[in-house]
Amino acid sequence: MQCVNWHPNSAYVVTGSSDKTCRLFDIQRGSAVRLYTGHSGPISCVEISPDGKMLATATEDSHVHVYDLNSAKLIKQFKSHTPGSSIYTLAFSKDSSVLLSGGSDCSVRVWDVKRSNQVSNAAVPGQQHSDLLATYYTKQTPVYKLSFTGANVACAAGAFTTNEV
């Protein structure tokens, strides 16, 4: 297991694993009730939407998937982080309509997860992804944690790196 996160109702927990899968566990039963597949790399972070309807997962190979939590159906796929970069963190807005992703490419990506229910694929390099609302770059800071405040303001945290020896 690489990562873990709670469902908003606290009755379930979701895990991400190096075997490229995620599992939803029922706390009362103590067993997995859903399996989420489709990634090509180890899962680096998982996030359940505040409305409890979607699961966002990210990998060490810069891909983000959004699943319908109940059916385990893939509903969105984002591939616009820098190829080869790791995604370290995900965060849903309070109304579950926006997803943030951040990672080793020193960027925060803002995604529209409610635009349509069709799987979205990567845009051509240099062309904006149809569900990508914005990209914010740091100078030399990988993004390790994203969160929304109670007022739905996005916050990002990272660690400054320097090339000095």
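The values are calculated or read from the model by the stated rules, or taken from the named source; none is laboratory data. If you're wondering where the values come from, they're calculated on a predicted model, not measured in any experiment. Quick reminder, even Gly has a Cβ in these numbers, built from the backbone with ideal geometry, and neighbours come from all protein chains shown.
Please determine whether any residue of the stretch 31-48 is in contact with a strand residue (DSSP E or B) (Cβ under 6 Å, 6 or more places away or on another chain), closer than 23 Å to SER96 by Cα and among the polar types (S, T, N, Q).
Taking every residue of the stretch 31-48 in turn, at least one turns out to be in contact with a strand residue (DSSP E or B) (Cβ under 6 Å, 6 or more places away or on another chain), closer than 23 Å to SER96 by Cα and among the polar types (S, T, N, Q).
What's the total number of residues in the stretch 13-31 that are in contact with a Gly (Cβ under 7 Å, 6 or more places away or on another chain) and either modelled with pLDDT under 95 or not hydrophobic (A, V, I, L, M, F, W, C) (or both)?
Matching residues across the stretch 13-31 total 1.
Yes or no: the stretch 79-99 includes at least one residue that is modelled with pLDDT under 90, touching an Asp or Glu at 6+ places or on another chain (Cβ under 7 Å) and within 17 Å of VAL46 (Cβ to Cβ).
Scanning the stretch 79-99, I find at least one residue that is modelled with pLDDT under 90, touching an Asp or Glu at 6+ places or on another chain (Cβ under 7 Å) and within 17 Å of VAL46 (Cβ to Cβ), so the answer is yes.
Working only within the stretch 8-58, note down all residues that are of a type in the set (S, T, N, Q), buried (at least 21 other Cβ atoms within 10 Å of the Cβ) and within 22 Å of SER85 (Cα to Cα). Even if it seems obvious, please write down each step before you answer.
Taking the stretch 8-58 as the starting set, the residues that turn out to be of a type in the set (S, T, N, Q) are 9-10, 15, 17-18, 21, 28, 31, 37, 40, 44, 49, 57.
From what's left, buried (at least 21 other Cβ atoms within 10 Å of the Cβ): 44, 49, 57.
Across the stretch 8-58, the qualifying residues are SER44, THR57.
What strands (runs of 3 or more DSSP E), lying completely within the stretch 1-108, carry at least 1 residues that are in contact with a Cys (Cβ under 9 Å, 6 or more places away or on another chain) and under 19 Å from TYR144 (Cβ atoms)?
Those strands (runs of 3 or more DSSP E) span 3-6, 12-16, 43-48, 54-59, 87-92, 98-103.
Among the listed residues LEU55, LEU74, LEU90, LEU35, identify the single one that is of a type outside the set (Phe, Trp, Tyr) and closer than 17 Å to THR135 by Cβ.
The conditions single out LEU90.
If a residue must be in a loop (DSSP other than H, G, I, E, B) and either hydroxyl-bearing (Ser, Thr, Tyr) or modelled with pLDDT under 75 (or both), how many such residues does the stretch 117-165 contain?
22
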